1. Give the relative contact order (percent, whole number) for the chain; include only Cα pairs under 8 Å separated by 6+ residues.
2. Calculate one ³J(HN,Hα) per residue across segment 78-95 by plugging θ = phi - 60° into the Karplus curve 6.51 cos²θ - 1.76 cosθ + 1.60, and present them in order as whole Hz with x for glycine and proline.
3. Most mobile of Val45, Val98, Val82 per a Gaussian network model of the chain (Cα springs, under 10 Å)?
4. Could you check what % of the DSSP bridge pairs in the chain are antiparallel, to the nearest 5?
5. So for the chain, taking the charge dipole from beta-carbon charges (+1 Lys/Arg, -1 Asp/Glu), which of Pro39, Val98, Thr126 sits furthest toward the positive end?
6. Along each principal axis of its Cα atoms, how long is segment 20-147 end to end? Whole angstroms, biggest number first, please.
7. Can you sort Glu83, Glu37 by how many other beta carbons sit within 10 Å, fewest first?
8. With +1 on each Lys and Arg Cβ and -1 on each Asp and Glu Cβ, and nothing else charged, work out how big the dipole of the chain is about its Cα centre, in Debye to the nearest 20.
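Any read-out appearing in this document is the output of simple, stated calculations on the displayed coordinates, not a laboratory observation. All values derive from a computational prediction rather than experimental measurement. When we count neighbours, we look across all protein chains shown, and the Cβ atoms used for this are built from the backbone with ideal geometry, even at glycine.
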Amino acid sequence: RGLRLVEAEDPYQLDDLAPSLPVVSRTASHEPERLRERPTAYLNVDPYFLRAARDLDRCLLARAGDDGMNHAGIHKGDLLIVEELPWRDLRGGEVVAVLIEEALLARHFFFANERLHLRPANRLYTEETFAPEDPRCHIVGRVIGLMRRF
């Protein structure tokens, strides 16, 4: 009889299954295709945080540009985990990442009366509405998670 030391697996170690997502910067809303062209960095993300995604290849990371959603727990500078989706595939009330002019923001999404309604959680900010084809606004996709640094 004897004791034998075994190598314990690190529960926080990322394996090869952790996808490397681009960290994107803001871009003009009328040029949404440029969003992925020059990422500022790539970050490996634990697949646990991506379990709500339908397609991992459509996921990216983007910084929240304002405090409009701080009452929903999203603060300026947070890294949003975004799954790129067309606005027609979104459900009312979902939190989305949206390019408005050159700012990348998080907002609650609603579609009513042939208009995109982008509602902040913080009442100090106003709801904005846009026609779906308005070049000043581009819905990037739904927010499926966030990461924050203290």
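1. 24 percent
2. Values per residue, Gly and Pro as x: 4, 8, 8, 8, 10, 9, 5, 8, x, 4, 5, 8, 9, 9, x, x, 5, 7 Hz.
3. Val45
4. 95 percent
5. Of the listed residues, the answer is Thr126.
6. Rounded to whole Å, the extents work out to 39, 30, 24 Å.
7. Glu37, Glu83
8. 400 debye
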